[in-house]
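The values are calculated or read from the model by the stated rules, or taken from the named source; none is laboratory data. Model, not experiment: these values are computed from the prediction. Here Cβ is always computed from backbone atoms with ideal geometry, including for glycine, and neighbour counts include all displayed protein chains.
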Amino acid sequence: MHKALRRTAAVIAIGLTFVAASGVAVVRADAPAAWKHGIVAAKSDAGFVFMSANHGFATKQGIALDMEQFQGDGIALKALLAGDVDSYDGNPGGPMIAAAHGADIKLVGCYWPTPTYGIFTKTSVKSPQELKNKTFAVSTPGALPDLLARVMLETYGMSADDVRFAALGSDSDRFHALVAGVADAAAISTEFVPEANANGLKLLVSAHQFAPRYLRFCTFMSAETIAKRRPEAVRYLAAQMKALRYALAHRDDELALTRQIIGAKSDDPRPAYIFAEVQKENAVDPTMPIPIDKLAWMQDLLIKTGNLPGPINFSTFVDNSVRLDALKLAAK
């Protein structure tokens, strides 16, 4: 080895030895940054949700992505507020309520701005009004199924007092409760339409009909995380944007990943059904927009249902800067 190179290597070695001995952690410049993201329990749209983690998009952005599943977005929200995850996906209802009570939570983008959800019942039910005094399966108060059920009731001239709400876990839990006759109606993802038809159930009314402005999934982070880990937050969103763009353009890969994640057989019709609906309704947007008009509509809904005491300040609830930086990075 050339003398100059040997001297340089020796200096580097001495420096690393000193740093290690002083108790300062030695981190490689190219080491991926750990990022923990919370999601609602994987369903037949899992290929969209997991594409970033499972197809290398996060790794290419220098993010070691760990996906944690929760039974509902209300539970994921609690995990974020407790610092157990760095970000999570859910509907804006719970975070708005949390923000109204002082939680410093930020909405940074909405990749699923259109609802692919609906109200399912037995085929014998002909109209929403027939659900009066019946058991309605939802999830935690303020979460997507709960709020959609309330919107549906109001749209068809009813109120929450006209039914008996039952919090029954995940979409799958609610679907099976409906099959077993434990519930008379349930707010569930429309991925269950094929399975419903085979079990004497039906989609009574789609969310497109009674809540077209309902935001299904937005991404949330704490203000502290953005302040302390902004570069990682930007790179995480950029990875998601690239992954969603890829998933929309590569149907077979999205379906294959979905089946892998949820353990579905090749003849299970649900992944293909939800992919077709996503395309038909333009339900997934890789740019992760922040539609203030839809947020205002949801805020009015929460106030009307008594979940929210009054308007919140969108200028402090929304952080569009992380998204804008991620868009630039995702374009490279």
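Here are some notes:
- Hits in region 266-281 (condition: polar (S, T, N, Q) and closer than 16 Å to VAL49 by Cα): GLN279
- Considered as a group, the residues in region 120-141 that are buried (at least 24 other Cβ atoms within 10 Å of the Cβ) and of a type in the set (Gly, Ala, Ser) include one that is modelled with the highest pLDDT, and that residue is ALA137.
- Entry remark, region 208-235: residues being of a type in the set (Ser, Thr, Tyr) and more than 14 Å from the chain's Cα centre (by Cα) number 2 in total.
- Top-ranked residue of region 318-332 - restricted to ones that are in contact with a strand residue (DSSP E or B) (Cβ under 9 Å, 6 or more places away or on another chain) and closer than 26 Å to ILE97 by Cα, ranked as surrounded by the most Cβ atoms within 10 Å (Cβ to Cβ): ARG323
- Yes/no for LEU81 being surrounded by fewer than 22 Cβ atoms within 10 Å (Cβ to Cβ) and either under 19 Å from PHE314 (Cα atoms) or touching a residue at least 40 places away in the same chain (Cβ under 8 Å) (or both): yes
- Test: residue in region 180-197 that is within 14 Å of ILE119 (Cβ to Cβ) and modelled with pLDDT under 90: no
- Which numbered condition SER44 fails, given (1) farther than 29 Å from ALA331 by Cβ; (2) at pLDDT 95 or above: (2)
Residues are listed down the side, and each one gets a yes or a no for (1) in contact (Cβ under 8 Å) with a residue 12 or more places away in the chain; (2) surrounded by 23 or more Cβ atoms within 10 Å (Cβ to Cβ); (3) of a type in the set (Ser, Thr, Tyr); (4) closer than 30 Å to GLU195 by Cα:
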{"position": "VAL49", "(1), (2), (3), (4)": "yes, yes, no, yes"}
{"position": "ILE63", "(1), (2), (3), (4)": "yes, yes, no, no"}
{"position": "SER87", "(1), (2), (3), (4)": "yes, yes, yes, no"}
{"position": "ASN91", "(1), (2), (3), (4)": "yes, yes, no, yes"}
{"position": "GLY118", "(1), (2), (3), (4)": "yes, yes, no, yes"}
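- Residues that are under 30 Å from THR59 (Cα atoms) number at least 3 in the following helices (runs of 4 or more DSSP H) confined to region 239-332: 251-262, 270-281, 321-330.
- SER87 meets all of the listed conditions (1) touching a Gly at 6+ places or on another chain (Cβ under 9 Å); (2) of a type in the set (S, T, N, Q); (3) at pLDDT below 95 but one, namely (3).
- The sole residue among VAL205, VAL182 that is within 23 Å of ASP300 (Cα to Cα), in contact with a strand residue (DSSP E or B) (Cβ under 9 Å, 6 or more places away or on another chain) and not in a helix (DSSP H, G or I) is VAL205.
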